[in-house]
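K.L.:
A single structure is presented below for examination.
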């Protein structure tokens with residue numbers, strides 16, 4: 001019984017994915033991996049502009065240039081995984 005529960009849990013995790021590996025989709029979740037097209041661990045501005053596609057909120061689509069500036073905390077023109085994880089998050093009411 002324990003083996004079945006473990007296998008089912010592992011399958012769920014594999015299919016659902018972790019927040020860090022889920023791809024941007026209908027829910028609009030933006031992940032580091034969905035932005036890092038070449039998988040080198042750094043998101044360049046070009047990768048960001050090509051892959052940043054969040055859903056519109058309140059009828060407005062976020063400006064990619066402005067969003068890149070918020071993600072790129074150190075201003076070096078690239079987004080690291082650490083910068084992505086520590087990015088400012090929108091306030092939800």
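Just so you know, all these numbers are worked out from the coordinates, no wet-lab data involved. The model shown is predicted, which means the values in this text are computed figures rather than measured ones. Here the Cβ is made from the backbone with ideal geometry for all residues, glycine too, and neighbour counts use every protein chain on show.
K.L.:
Determine, from the Cβ-Cβ distance of residue 63 and residue 37 and an R0 of 22 Å, the FRET efficiency 1/(1 + (r/R0)^6), rounded to the nearest 0.05.
P.N.:
Details: r = 20 Å, r/R0 = 0.93.
The pair residue 63/residue 37 has a calculated efficiency of 0.60.
K.L.:
In 5 Å bins starting at 0, how do the alpha-carbon pair distances of the stretch 21-85 split up by percent?
P.N.:
Final binned percentages: 3, 20, 29, 27, 15, 5, 1.
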